[in-house]
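Here is the structure we will look at.
The values are calculated or read from the model by the stated rules, or taken from the named source; none is laboratory data. This is a predicted model, so every value here is computed, not measured. Reconstructed Cβ throughout: ideal geometry from the backbone, glycine too, with neighbour counts over all protein chains shown.
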Amino acid sequence: MGYEVLIRPERCISCFACEVACAREHDGLSNVWVLPAGVPMLCRQCQNATCLEVCYTGALEQRDGEVILHKDKCTGCELCLLACPFGAIGLDGKRAYKCDLCSHRRREGLMPACVLTCPAGAISYSCVADFSHRKRGIAGLSWATGHERRGR
Amino acid sequence: MRTLEVAREKCIGCRACSSVCAPLYISLTDVGNRRTIAFPASCEEDCDLCLKACPTGAIAFGAGSGKPLTLEFELISCSKCGKPFATGEEMAFVLPKVSKVLGGEPDWKVLCPECRREESAIRLKGEI
């Protein structure tokens, strides 16, 4: 099963460390946004991606469960921004930008920068099965002890 | 001389041609809720980027002497923050494709990208 960046908003402390880390990795432009609600938002790598449907140059491509943006093919038409349900694509002057799951870091066997940086464990890089297994464990423990737990 | 022929009825007012035009002959300006795209009469560059970039094929090259063209579009305002974010033609181009994938018109179509981000964050926070 593929690895994904998964969010646990209940752990987010709105410290913006993920934004800073992301900006550092992507030439000063963060692909993750911490919102006033206290949720880090980034591209969900949708399976039924609406952005892919409107991209007419092939700049957006789906491969191995990821939505990849090829900047060299991007015309900066802004249609994908208007098609994204989550507002997770940005426009940097003349080209679109979005979370690439730190492809350059993963090539070297490193985790995405936001995941590594988050001090609260609100962003994790794991497969869905492991993620839900851990959440079930925490929920079980909370129920058994009668205390709310927010374990990592 | 090579002239630029733009089909007004095909143009949806997106940013593609103005973004790819390296010498900035095609300009796009958003002022308030109006978007203005100005095309030059002719272009002497050895380049067809705008022609290739246009999503609707509204741009063609012709011969003879043309005249500069300025197209005006009205921008739709976000229903939450009120910021103008897209032309009506752009949304008319995007929505059928989006609806096809999602199986119906999305309720977020009236929101700008920033407000969509915020709304989905609030929704996510409410689910836990």
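Observations on the structure shown:
- Region B:8-41, subset in contact with a Pro (Cβ under 9 Å, 6 or more places away or on another chain) and crowded, with 17+ Cβ neighbours inside 10 Å, residue nearest to residue B:72 (Cα to Cα): B:35
- The condition of being surrounded by fewer than 15 Cβ atoms within 10 Å (Cβ to Cβ) and within 12 Å of another protein chain (Cβ to nearest Cβ) does not hold for residue A:98.
- Residues of region B:113-128 that are within 7 Å of chain A (Cβ to nearest Cβ) and among the basic types (Lys, Arg): B:116, B:117, B:125.
- Within region B:53-112, the set of residues being farther than 13 Å from residue B:33 by Cβ, surrounded by 16 or more Cβ atoms within 10 Å (Cβ to Cβ) and among the small types (Gly, Ala, Ser) comprises B:53, B:58, B:66.
- Among the residues of region B:27-48, those that are hydrophobic (A, V, I, L, M, F, W, C) and under 30 Å from residue B:79 (Cα atoms) comprise B:28, B:31, B:37, B:38.
- Residue within region A:122-132 that is touching a His at 6+ places or on another chain (Cβ under 9 Å), exposed (fewer than 14 other Cβ atoms within 10 Å of the Cβ) and without any contact (Cβ under 8 Å) to a residue 24 or more places away in the chain present: no
- The combined condition, being more than 14 Å from chain B (Cβ to nearest Cβ), farther than 22 Å from residue A:59 by Cβ, at pLDDT 90 or above and out of contact with any strand residue (DSSP E or B) (no Cβ under 6 Å at 6 or more places or on another chain), is not fulfilled by residue A:141.
- Options B:95, B:49; residue that is within 30 Å of residue B:118 (Cα to Cα) and of a type in the set (A, V, I, L, M): B:95
- Residue satisfying all of: in region A:73-87; touching a strand residue (DSSP E or B) at 6+ places or on another chain (Cβ under 6 Å) and part of a loop (DSSP other than H, G, I, E, B); surrounded by the fewest Cβ atoms within 10 Å (Cβ to Cβ) among these: A:78
- Among the residues listed as A:109, A:121, A:87, the single one being at pLDDT 90 or above, not assigned by TED's automatic domain parsing to the domain that holds residue A:22 and not aromatic (Phe, Trp, Tyr): A:87
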